[in-house]
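The values are calculated or read from the model by the stated rules, or taken from the named source; none is laboratory data. Bear in mind that the values here come from a model prediction, so they are computed numbers and not experimental data. For neighbour counting, all protein chains shown are included, and Cβ atoms are generated from backbone atoms with ideal geometry for every residue, glycine included.
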Amino acid sequence: MKKIIISIALCLSSVIYSNDENLFTDPLISSQPEIIKSILESEKTSQDFNDLLSLINETDEIYGSLSERLNNGGKIVIFFDPAHGKLPGGKWQGETTFRMSSAGLPEEIYSILLSRKLYNLLKKNKYIEVKTTDDFMEVLENRSETYKNITFTQTMKLAKESKAFMVIASHLNNVGMLSKAEGLANIRGIHLVYSESGRAYLSHITNVQSGFLTLYNRYDPTGFTGMIANYFKKEMLSYGYKFNNWKQGAVADDRFLYFANFPLSLMFESGFISNPIEEEFLRNEKNQDEIALSQYNAIINAIDEKFGVDLTENSISKSKTQFDILTLIKLSKMVNYYTSKTDLVKAANICTLMDKNFKSSRFETSTEPYREIKNRILSANYHMNTASANASKKRYSAARYSLQKAFNSLGKNPYYYPVRAEIAARYKALTGRNIRRSMHYGDAANVDNYYETEFPYLGCQRENHSPTSPFILIVRSNQTLEEAVNLSIAPNDKYCSKILDSLRKARATGYTTQKRYLAKKKRYINVRIKRSYPVRFTEGIYIVQFNSNMSVRRAEKVKIVPFDPKRFQNQEYFKNSSLAVKEKDKSL
Ligand SMILES: [Zn+2]
């Protein structure tokens, strides 16, 4: 550590006092590959020079000369990021964010079990040191059952301070509340579900999720974390476990700040605790052991493959220096450094260098996201420059428009947070107003809004239903239409056969698009065509409305419907069918 401080101090003084020739004879710099030297060369008079140099030194210190360092008692530090944790109020984050198991346990309970298993394997390896927060370490050491939640920003800070080689986390997966029967179990069929705000719905759950998956860092240019995901998958398959459908269990992820700022990072998602069968499976200690062992082996094998050190050996044989890997880590840190400072042309130039040197190499796929980063930041940069030019000519509305374009061109990805913050600040300075942010996924998924637009006629509220107000008709698997009608509508004898007859003739309207040739314009256009088709009452939820003569006015299949007796009639759930035989209450 001291040595690095001295060398940085030396370099600083070189910038100030000596000529450039001397600077590049510094062994720390002269030993760097050409591509890195060329970047330093172009920055030698800038303040950025020292920051870049410390990024380079930090990378060499953590990832360089591994075999020598490990044989001399050095360790590879793995930072274990706690999965969620207790919130200031004392509840597990799993409870407050609907990450509960089908048996009602928060995600953290299972994460603790699996994290301890993996920790015990890592701890036994003399070349590895696990670091984490103090309270999570107590949990890993089996001395405590509780730990605090920390933000991804804190995780990154702690990982950097502990000079971590990589960051891992052991999570369990879950599904949205509208896919969980009675608020807990993700099982097939028609069930009562609750939204996150506590509203009840009847939902036809067809999407049942299961299987493990690994979220690895999409911005890892070395392919190391993707390799861990794939090795893990291979081991798990050899035990007979199944991967989740999403990218076949190995997902290149960029949704977390975590991934934007720490090149070698990943999250294991070892199964769906929302699935009762999988939860039962995860409770089994033998299965937990096999999962943790697969994770451990995957990490060890990928370190061997990518960094050339076999951590299962008693003494590490000398590996070839992995220049390519080190260079890629340095380059990715530099792109991130300049992007964070909104120095976008410099960031793009480094992407170009990465592309030139690695596009036709074994790193072609893992460096692919940097081509996307380059395009996005150059586009944002172009619009920002246009905005500045317009503003200086007092064309304020054009400037505002360009800033909004720059902002939108970066999407919602956390990688560009600092750039978006800079654009938003400029927008505010120019207009005095906040920039318009694009809609979040969460907004689009607002079921209440969705129903308002999809079924405007459901807005009517009725205390007393008449035969013409809408019914919820539920058809379960292996149920005839007659059985379904008897349960949901329970019509009296007078209407029974008429209703069945009407439903069998029911038709719904839908739209299809067709290509049509326009002779005048000499081209094809898409035309929307209204079609009427017979409704087949297969398994599902239907909103049915009759005319006063009991013919079907509307019969529509829906995935989900508000559980609301004021809006709907349904004998099974609400006991409010206006067509049902009114039985005298015989109970005492
Ligand atoms: Zn989680």
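Any residue that is within 26 Å of L192 (Cα to Cα) and under 39 Å from the mean Cα position of the chain (by Cα) - is there at least one of those in region 513-535? Working first, answer last.
Within region 513-535, the subset within 26 Å of L192 (Cα to Cα) is 535.
Subsequent filtering for residues that are under 39 Å from the mean Cα position of the chain (by Cα) retains 535.
Yes, region 513-535 contains a residue that is within 26 Å of L192 (Cα to Cα) and under 39 Å from the mean Cα position of the chain (by Cα).
Which of the residues that make up region 401-423 are in contact with a helix residue (DSSP H, G or I) (Cβ under 6 Å, 6 or more places away or on another chain) and outside any helix (DSSP H, G or I)?
Listed by number, the list holds a single entry, L410.
Which pairs do you get when a residue that is closer than 19 Å to K286 by Cα and assigned by TED's automatic domain parsing to the domain that holds R199, found in region 95-117, comes within reach of a residue that is of a type in the set (S, T, N, Q) and away from the ligand (no atom under 13 Å from the Cβ), reach meaning Cβ atoms under 6 angstrom, with the pair 6+ apart or on two chains?
Short answer, once both residue conditions are applied: L113/Q288; L114/Q288; K117/Q288.
Of the residues in region 153-166, how many are charged (D, E, K, R) and in a loop (DSSP other than H, G, I, E, B)? Don't jump to the end; show me each part of the working.
Restricting attention to region 153-166, the residues satisfying the condition of being charged (D, E, K, R) are 157, 160-161, 163.
From what is left, the residues that are in a loop (DSSP other than H, G, I, E, B) are 163.
Residues in region 153-166 being charged (D, E, K, R) and in a loop (DSSP other than H, G, I, E, B): 1 in total.
Could you say whether any residue in region 362-375 is under 30 Å from A250 (Cβ atoms) and over 25 Å from the mean Cα position of the chain (by Cα)? Even if it seems obvious, please write down each step before you answer.
Filtering region 362-375 for residues under 30 Å from A250 (Cβ atoms) gives 362-375.
Those left that are additionally over 25 Å from the mean Cα position of the chain (by Cα): 362.
Checked region 362-375: at least one residue is under 30 Å from A250 (Cβ atoms) and over 25 Å from the mean Cα position of the chain (by Cα).
Scan region 205-223 for residues that are touching a strand residue (DSSP E or B) at 6+ places or on another chain (Cβ under 8 Å) and crowded, with 20+ Cβ neighbours inside 10 Å and jot them down.
Narrowing region 205-223 to residues touching a strand residue (DSSP E or B) at 6+ places or on another chain (Cβ under 8 Å): 205, 209-218, 220.
Across region 205-223, the qualifying residues are I205, G211, F212, L213, T214, L215, Y216, N217, R218, D220.
Is it the case that A159 is in the same structural domain as T96 (by TED's automatic domain parsing), buried (at least 16 other Cβ atoms within 10 Å of the Cβ), over 30 Å from N245 (Cβ atoms) and away from the ligand (no atom under 16 Å from the Cβ)?
Working: in the same structural domain as T96 (by TED's automatic domain parsing): yes; buried (at least 16 other Cβ atoms within 10 Å of the Cβ): yes; over 30 Å from N245 (Cβ atoms): yes; away from the ligand (no atom under 16 Å from the Cβ): yes.
So A159 fits the description; yes.
Restricting the search to region 251-266, which residues are buried (at least 23 other Cβ atoms within 10 Å of the Cβ) and either among the hydrophobic types (A, V, I, L, M, F, W, C) or modelled with pLDDT of 95 or more (or both)? Lay out the reasoning, then the answer.
Filtering region 251-266 down to residues buried (at least 23 other Cβ atoms within 10 Å of the Cβ) leaves 258-266.
Matches in region 251-266: F259, A260, F262, L264, S265, L266.
So, in region 167-179, of the ones that are within 16 Å of the ligand (Cβ to nearest atom) and not in a loop (DSSP other than H, G, I, E, B), which residue ends up surrounded by the most Cβ atoms within 10 Å (Cβ to Cβ)? It would help to see each step written out before you state the result.
Pass one, region 167-179, residues within 16 Å of the ligand (Cβ to nearest atom): 167-177.
Subset that is not in a loop (DSSP other than H, G, I, E, B): 167-173, 177.
Working: V167: 30, I168: 24, A169: 22, S170: 25, H171: 24, L172: 28, N173: 22, M177: 22.
It comes out as V167.
What number of residues within region 70-96 satisfy the criterion of being away from the ligand (no atom under 16 Å from the Cβ) and buried (at least 18 other Cβ atoms within 10 Å of the Cβ)? Please lay out each step first, then the result.
Of region 70-96, the ones away from the ligand (no atom under 16 Å from the Cβ) are 70-79, 88-90.
Of the ones still in play, those that are also buried (at least 18 other Cβ atoms within 10 Å of the Cβ) are 70, 76, 78-79.
Number satisfying all stated conditions: 4.
Name the single residue that is farthest from Y219 (Cα to Cα) among those in region 313-324 being touching a residue at least 40 places away in the same chain (Cβ under 8 Å) and not in a helix (DSSP H, G or I).
Among residues in region 313-324 that are touching a residue at least 40 places away in the same chain (Cβ under 8 Å) and not in a helix (DSSP H, G or I), the one farthest from Y219 (Cα to Cα) is S315.
Name the strands (runs of 3 or more DSSP E) wholly inside region 180-257 in which the number of residues that are closer than 30 Å to T327 by Cβ is 2 or more.
Once the strands (runs of 3 or more DSSP E) in region 180-257 are filtered for at least 2 residues that are closer than 30 Å to T327 by Cβ, what remains is 213-217, 250-253.
Say whether the condition of being small (G, A, S) and either within 16 Å of the ligand (Cβ to nearest atom) or under 24 Å from K117 (Cβ atoms) (or both) is met by at least one residue in region 189-208.
Start the filter on region 189-208 by keeping residues that are small (G, A, S), which leaves 189, 195, 197-198, 200, 203.
Subsequent filtering for residues that are either within 16 Å of the ligand (Cβ to nearest atom) or under 24 Å from K117 (Cβ atoms) (or both) retains none.
Checked against the condition, which is being small (G, A, S) and either within 16 Å of the ligand (Cβ to nearest atom) or under 24 Å from K117 (Cβ atoms) (or both), region 189-208 yields no hits at all.
Could you list all residues from region 258-273 that are in a loop (DSSP other than H, G, I, E, B) and not β-branched (V, I, T)? I'd like the intermediate steps shown before the answer.
Start the filter on region 258-273 by keeping residues that are in a loop (DSSP other than H, G, I, E, B), which leaves 262-264, 273.
Of everything in region 258-273, those that are in a loop (DSSP other than H, G, I, E, B) and not β-branched (V, I, T) turn out to be F262, P263, L264.
Starting from residues that are more than 27 Å from the chain's Cα centre (by Cα) and polar (S, T, N, Q), keep the ones in region 107-154 and report whichever is farthest from the ligand (Cβ to nearest atom).
N125
Considering (1) exposed (fewer than 10 other Cβ atoms within 10 Å of the Cβ); (2) in contact (Cβ under 8 Å) with a residue 12 or more places away in the chain, say which one A519 fails and leave the rest.
A519 satisfies every listed condition except (2).
Which pairs have Cβ atoms under 7 Å, sit 6 or more apart or on different chains, and link a residue in region 167-191 that is at positive phi to one that is more than 16 Å from the ligand (Cβ to nearest atom) and of a type in the set (D, E)?
Listed pairs, sorted by first residue: none to list.
Quick check, is Y296 in a loop (DSSP other than H, G, I, E, B) and in the same structural domain as S101 (by TED's automatic domain parsing)?
Numbers: in a loop (DSSP other than H, G, I, E, B): no; in the same structural domain as S101 (by TED's automatic domain parsing): yes.
Judged against the criteria, Y296 is not a match.
State whether one or more residues within region 275-282 are away from the ligand (no atom under 16 Å from the Cβ), of a type in the set (V, I, T), outside the structural domain of E43 (by TED's automatic domain parsing) and in a helix (DSSP H, G or I).
Going residue by residue through region 275-282, those that are away from the ligand (no atom under 16 Å from the Cβ) are 276-277, 280-281.
Filter once more, so that each one left must be of a type in the set (V, I, T): 277.
From what's left, outside the structural domain of E43 (by TED's automatic domain parsing): 277.
From what's left, in a helix (DSSP H, G or I): 277.
Taking every residue of region 275-282 in turn, at least one turns out to be away from the ligand (no atom under 16 Å from the Cβ), of a type in the set (V, I, T), outside the structural domain of E43 (by TED's automatic domain parsing) and in a helix (DSSP H, G or I).
Mind telling me which of the residues T352, T339, T327 ends up being modelled with pLDDT of 95 or more, surrounded by fewer than 21 Cβ atoms within 10 Å (Cβ to Cβ) and in a helix (DSSP H, G or I)?
On the way: T339 fails: surrounded by fewer than 21 Cβ atoms within 10 Å (Cβ to Cβ); T327 fails: surrounded by fewer than 21 Cβ atoms within 10 Å (Cβ to Cβ).
It is T352.
Of all residues in region 363-400, which are in a loop (DSSP other than H, G, I, E, B) and either free of Cβ contacts under 8 Å to residues at least 24 places away in the same chain or acidic (D, E) (or both)? Don't jump to the end; show me each part of the working.
Within region 363-400, the first condition is being in a loop (DSSP other than H, G, I, E, B), and the residues that meet it are 363-367, 393-395.
E364, K393, K394, R395 - these are the residues of region 363-400 that are in a loop (DSSP other than H, G, I, E, B) and either free of Cβ contacts under 8 Å to residues at least 24 places away in the same chain or acidic (D, E) (or both).
When you scan region 97-105, do you find a residue that is more than 16 Å from F165 (Cβ to Cβ), within 12 Å of the ligand (Cβ to nearest atom) and touching a strand residue (DSSP E or B) at 6+ places or on another chain (Cβ under 7 Å), even just one?
The answer is yes, given that some residue of region 97-105 is more than 16 Å from F165 (Cβ to Cβ), within 12 Å of the ligand (Cβ to nearest atom) and touching a strand residue (DSSP E or B) at 6+ places or on another chain (Cβ under 7 Å).
Would it be correct to say that T45 is within 16 Å of the ligand (Cβ to nearest atom) and among the β-branched types (V, I, T)?
Numbers: within 16 Å of the ligand (Cβ to nearest atom): no; among the β-branched types (V, I, T): yes.
In short, no.
As an exercise: evaluate A347 against (1) under 27 Å from the mean Cα position of the chain (by Cα); (2) assigned to a loop (DSSP other than H, G, I, E, B) and give the number of the one condition it does not meet.
Failed condition: (2).
Can you pull out the residues in region 249-274 that are more than 15 Å from the ligand (Cβ to nearest atom) and either within 23 Å of L118 (Cα to Cα) or in contact with a Cys (Cβ under 7 Å, 6 or more places away or on another chain) (or both)?
Within region 249-274, G249, A250, A252, F262, P263, L264 meet the criteria.
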